[in-house]
Amino acid sequence: MSQSDSTLDEREVERFRALAAKWWDPEGEFAPLHAIGPERLRFLREQLVLHFARDRNAPEPLEGLRIADIGCGGGLVSEPLARLGASITGIDPAEENVAAARAHAADSGLEIDYRAARVEDLAAEGAQFDAVIALEVVEHVPDVPAFINVCTSILRPGGLMLLSTINRTARAFALAIVGAEYVLRWLPRGTHQWDRFVTPDELAEALRASGLRVVETRGLTFNPLTREWRLSDDTGVNYFMSAARPASD
């Protein structure tokens, strides 16, 4: 298997390609991503502001930062980061997803560089970014270390990588697959594959093997009483991780 093949599963691409028109429907198949959006942005903003020593009270605290959003889908993460001042390059292997992202950004008056591409394409260009983001992506790739390695290649020295994924625990199987896909029907059946869930230790090891230093690990939990998502110390199901590339390596 080539590196390109090991960082992309065409069946996964087809699954999300078929849903391209639904990205911005808060009641549709991507409703869970809309629901966790505020907490995802909170983690990203906190980590980026801290790492790059930005003024957290500034209206555009990410101004001037070049950020790659890997697996950008319809742009649910790219757009709020652009509003915070960042220069965003969003890539997705499905042209349909990129078309949806471009159309929504245009309607919102945002300039975002969306491309139908793989991360390998950015690496081949020699592109370098201050931050590389891959949210809800690693659980869909066949070879996580290979994916992390190529993402690291486009992260400049001193940069920050930010990821989110699902832990491989019995609780995650019960909630993320049985509950979310079969009982509550928050997600289409088959969205996730149990054997591709990644533990925090495994993800941290892949990051270290690529020369990165893990900075922060946070969980994301759902309160069924208030129906709210919150960052927490519980990484048993969903979690975030940030990792820094040394300034000189």
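Read-outs throughout are calculated quantities, based only on the coordinates presented, and are distinct from any laboratory measurement. This one's a predicted model, so the numbers in the text were calculated from it and none came from an experiment. Because the Cβ atoms are built from the backbone with ideal geometry, glycine has one as well, and the counts that use them run over all protein chains shown.
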Might you report the magnitude of the Cβ-based charge dipole of segment 33-72 about its Cα centre, with Lys and Arg at +1 and Asp and Glu at -1, to the nearest 20 debye?
80 debye
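Counting other Cβ atoms within 10 Å, keep those with at most 14, restrict to DSSP loop, and tell me which GluC sites (Glu not before Pro) in segment 30-105 are left. Don't skip to the end; give the middle numbers.
Values: sites: E39, E46, E63, E95, E96; in loops: E63.
The qualifying sites are E63.
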Rounding to the nearest 20 debye, state how big the charge dipole of segment 84-168 is about its Cα centre with +1 on each Lys and Arg Cβ and -1 on each Asp and Glu Cβ.
240 debye
Net lengthening on full extension, A103/D233 (0.36 nm per residue, minus Cα-Cα)
43.1 nm
How far is it, in nm, from the label point at A35 to the one at N57 when both lie 7 Å from their Cα along the line to the Cβ?
3.6 nm
With θ set to phi - 60°, apply the Karplus curve 6.51 cos²θ - 1.76 cosθ + 1.60 along segment 231-242 and write out the HN-Hα couplings as whole Hz, x wherever there is a Gly or Pro.
5, 7, 8, 8, 9, x, 10, 9, 7, 10, 8, 10
What FRET efficiency do you get for R156 and E202 if R0 is 22 Å and r is their Cβ-Cβ distance, rounded to the nearest 0.05?
0.30
Checking rank on 219-228, 138-147, with mean other Cβ inside 10 Å and highest first, the result is 138-147, 219-228
